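Read the figures in this text as sums done on the coordinates, not as results from a lab. Since this is a predicted model, take the numbers as computed values, not measurements. For neighbour counting, all protein chains shown are included, and Cβ atoms are generated from backbone atoms with ideal geometry for every residue, glycine included.
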Amino acid sequence: MDNEKYQEFVLQRLEEQKQFQELVIKHFQNLSGELKTLNQQVENLEQNQSRMENSLNQDIKALFDAFSLRGDQIINLQKNMDERLDNIEIDTGYLVSKVARLEKLAK
């Protein structure tokens, strides 16, 4: 190979390397853009997850509060019913004793 052909060969190889480097740089730029997009999507997902967790925590707290309130209402109803049953028992005892006295008088 003479000197001129060798120089052309080297220049051709350098041009091919330059084109290859440009192609690699474009691919890296594309990958960088895609990576940014993916990072943005991950951030959005994390924000959505955070919002959902907060919403679920509030809902669970509301359900727990409602459950506690319902339990308190049941306890109050039970106390009220116990008082009423005690009053009915006292009234029934009084009526039974009155009927017994009246039966004695009637005999």
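A few notes on this one:
- Calculated Rg and Dmax of the chain using C-alpha coordinates, Å: 45.4, 153
- Note on the chain: lysine pairs with Cα distance below 20 Å, sequence gap of 8 or more or different chains, count 4.
- Two-site FRET efficiency, residue 20 against residue 43, from Cβ-Cβ distance with R₀ of 30 Å, rounded to 0.05: 0.30
- One chain, two ends: residue 5 and residue 31. Fully extended at 0.36 nm per residue, the span grows by 5.5 nm beyond their Cα-Cα distance.
- Between residue 52 and residue 80, residue separation times 0.36 nm minus the direct Cα-Cα distance comes to 5.9 nm.
- Converting phi to 3J(HN,Hα) with the Karplus coefficients 6.51, -1.76 and 1.60 and the offset θ = phi - 60°, the range 58-75 yields 5, 5, 5, 5, 5, 5, 5, 4, 5, 5, 5, 4, 4, x, 4, 5, 5, 4 Hz in sequence order, with x at every glycine or proline.
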